[in-house]
Amino acid sequence: MSGEISGILNNPTTELVLRALDAGVLRHAVHAANIANASVEGYHPLQVSFEDQLAAARTALLGRDDAAARRAIDSLEAQVRPDPTDRPVQADREVALMMENAVRYEALLAALGKSGALIRLAIREGRN
């Protein structure tokens, strides 16, 4: 029984959402750093690389192969690297990207909250 509960609470989808939330926090910090350093001569904007890894994990998860999904999720790690375009910081672009990131973050939180609500409902056997 405890293994079943552990499986419900510790599933690959939840882990994937948690990793994406972590990447969102990092992405927000990177955009803030870019804005803060926009006037620094010689500063090269940074970016977060995560989407390709996330796509691979999502594909493994959709393939219903829990072992492959766990391996892909365990290897997920957002990377901060210089922006390859080598263009100067554009504050308005960075703010727009921050807002896009905030919307994604809120959507992930909402999804996690709904998942938690379903688990609470199951634990309470459908009673409020």
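Let's test the formula: R0 of 25 Å, r as the Cβ-Cβ distance of Arg104 and Asp66. What FRET efficiency results, to the nearest 0.05?
Efficiency, from the Cβ-Cβ distance: 0.50.
Please get the size of the charge dipole for region 54-99, origin at its Cα centre, with Cβ charges of +1 on Lys and Arg and -1 on Asp and Glu, quoted in debye to the nearest 20.
160 debye
Could you check how many percent of all C-alpha pairs in region 2-123 are farther apart than 23 Å? Could the numbers behind the result be given before it?
Numbers: 3097 of 7381 pairs.
Result: 42 percent of Cα pairs exceed 23 Å.
Considering only C-alpha atoms, what is the centroid distance from region 47-89 to region 28-46, in Å?
Their Cα centres are 23 Å away from one another.
For the ranges 70-76, 36-42, 60-66, what's the packing order if you count other beta-carbon atoms within 10 Å of each residue, average per peptide, and put the highest first?
Going from most to least packed, we get 70-76, 60-66, 36-42.
Check Gln47: other-chain or 5+ apart residues with amide H under 5 Å from its amide H, H built from backbone geometry?
Arg81, Asp83
From the mean inverse distance of alpha carbon pairs (Kirkwood) and the Cα radius of gyration, derive Rg over Rh for region 43-89.
1.20
No lab work stands behind these numbers, since they all come straight from the coordinates. Here the structure is a predicted model, which is why all the values come from computation and not from measurement. Cβ coordinates were reconstructed from backbone atoms using ideal geometry, including for glycine residues, and neighbour counts include every protein chain displayed.
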